[in-house]
Amino acid sequence: MPADASPFTTVIGLEVHVQLLTRTKLFCGCPTTFGAPANTQVCPVCLGLPGSLPVMNRRAFDLALRAALALDCTIAPFTKWDRKNYFYPDLPKGYQISQYDLPFSSDGSLEVVDPKGAFPPRRVGIIRVHLEEDAGKSMHDEAAGTADSRIDLNRAGTPLVEIVSQPDLRSPQEARAWLNELKLLLVYLGVSDCNMQEGSLRVDANVNLHVPRGDGSTAKTPIVEIKNMNSFRSVERALAYEAARQWEEWQRTGIEMGKAPKQTRGWDDAAGITRGQRHKEESSDYRYFPDPDLVPVTVAAEELAAIRAAMGEPPTRLRAALAEKWGIPAADAAVIVNQGRDVVAYYETVAGLVGEGKPAANWLQQDVLRTLNETGGTITDFPVGPAALADLIGRVGRGEFDTARGREIFAGLLTLGRAALPADVAAAVAALGITAVSDDELTDLVRGLLTANPKIVADVKGGKEQAAAGLIGQARKQNPNVNPGKVREVALTLIRAM
Amino acid sequence: MSLSATDVAKVGVLARLALSPTEVEAMARQLSSIVGFVSQLEELDTTRIEPLAHPLDTRNVFRDDVPQTCLTTNQALQSAPRHDGECFLVPAVLGETGAA
Ligand SMILES: [Zn+2]
């Protein structure tokens, strides 16, 4: 449904927690390796044992700065950490070390542009980025019917940045695209692996509806925070569901923001619905106060400059650079860069060998990426290497094979590669029983066809060049390896000479 | 400055303390006197004083991102009231985690 046809505007803000790519936790030297046996990566600090003291991980702070700079945030020259107090079994200290009134960065933004223009370019404000520690993991096996929950504290104390956006997103689709852009940025810059399956990236969403009244004013529905979404697709689905649910509720009850408390709802992916959860504690109930165990941090201008210099190129700049270097449309460059660094490297190798950007971009998108989409897997273990693909593209470009034949050879390369056989064009051509047609062979063949088709010859001579197309089917019947484009070209040349 | 019974009951809930009505009344009296004592600070003019984030002048204390030896699981669990050799055991926790 187009935005102007909708009776309301969906207003979305996101809160994203991202695990930083450090070797150790935020305040102690325990490793952050994923999947280790329960409670094997713990020490007195992250267990919250009495007398232990936290010391901040330099790398975590630098990566957090890198994330904030990449999001165009203002970096505070002075920052401190606070205790957020609440009781929960996965939080051994009884408080989380987080940042309250003096986060290290604020006021940034990140723009998302859809390569196909599905929505207008959207610049989303970032309210703040701050550095905090993660909690542990509590597991409850309801099926086993036991009365206990089991607590694994391996994750407790893992460094996270919390990124809070302004409510600037206007559709579930935009929210998903923006998350993809954020993830791409953080992965490109080495801030995080953003692996949602391993909990390295988690998203909560705030959503409500703005409903225009007849008198020009706007009614706003109560804000709902959605939790428990475990993929970007879930985020999109949950937001779409929640917008529809709020619209239905609004029409039924007319309850506006401020007339009901902010609600937290959990997304049930299997059922495809959100469900109400306990009311969130008010911010003052966390009784924040400065953590006396950690001294404040000041950031000098030279440090910022050093981090900026070591940051690497963000996707926005990479897209522009790729389009410029290889002379490809911005949309093509976007698709390639959005696939990540490895696909960019693959593309650049192919384009370099072919000596031309556009055909390489076409084959990459239409054949390589489509195959990856269908079969899964990554570009690094793709059965067709960049050299073989470049060879194939070059030969198609020189007219040795037409595109349809090229596709068959590409499929042949895939088959060879998957069977762990040498996947080069010559091998694929041999396996498919294709032989290249020499120019002499082709000329003889076309000459024979012209003798057999005087009407076509007459038509072409009479100015109807398109009549030559009638020869192509016949030519392929005689020799399936002929290139249709070449048949036409040779036929026209011969007829002109007649 | 005085704290009401309602204030004290709320603080009690946040601190997970089960307070009887008699205890709430006693706490309200004692806490009011403590808060009253501290509130003498409000008599000072602090308009041109920078808020104190930390009593020490030290700044920027960091450590390198280098793994250290952890406790063994047995050591980690030994002081727990209940465990199963791998995890701490606590009364059932249902629903979402409190992490934010
Ligand atoms: Zn530790």
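For Cα pairs less than 8 Å apart in space and 6+ apart in sequence, what is the mean separation divided by the residue count of segment A:9-303, i.e. the relative contact order in percent?
Taking the mean separation of contacting Cα pairs over the length of segment A:9-303, I get 24 percent.
Which distance in Å, rounded to a whole number, links the C-alpha centroids of segment A:341-370 and segment A:227-279? After rounding, the separation between the Cα centres reads 42 Å. Taking the longest Cα principal axis of chain B as reference, the axis of helix B:5-14 is set at about 20 degrees. Averaging 1/r over every pair of different alpha carbons in chain A and inverting the result gives a Kirkwood radius of 27.2 Å. For peptide A:287-298, the mean count of partner chain Cβ atoms within 10 Å of a residue's Cβ comes to 3. Considering only B:THR73, B:THR46, B:THR58, the Gaussian network model of chain B with Cα springs below 10 Å gives its largest mean-square fluctuation to B:THR73. Of the residues A:MET257, A:MET56, A:MET311, A:MET229, the one with the fewest other Cβ atoms within 10 Å heads the list, and the complete ranking is A:MET257, A:MET311, A:MET56, A:MET229. Could you name the aspartates and glutamates whose alpha carbon sits less than 13 Å from that of A:LYS25, not counting residues in the same chain fewer than 8 places away? Answer for A:LYS25, where 13 Å is the Cα cut-off: A:GLU132, A:GLU133, A:ASP134, B:ASP64, B:ASP65, listed by chain and number. Rounded to the nearest 500, the helix-only mean residue ellipticity at 222 nm of chain B stands at -10000 deg cm²/dmol, with each DSSP H run of n ≥ 4 adding -39,500 (n - 2.57).
Based on C-alpha pairs under 8 angstrom that are at least 6 apart in sequence, chain A has a relative contact order of 13 percent.
Shielding of peptide B:79-92 by partners, expressed as the average count of other chain Cβ atoms within 10 Å per residue Cβ, is 5. Bridges between two residues of the protein assembly as shown, per DSSP, are antiparallel at a rate of about 90%. Across peptide B:51-63, the mean count of Cβ atoms from other chains lying within 10 Å of each residue's own Cβ comes to 6.
No lab work stands behind these numbers, since they all come straight from the coordinates. From a predicted model like this one, the values you see are computed outputs, not experimental measurements. When we count neighbours, we look across all protein chains shown, and the Cβ atoms used for this are built from the backbone with ideal geometry, even at glycine.
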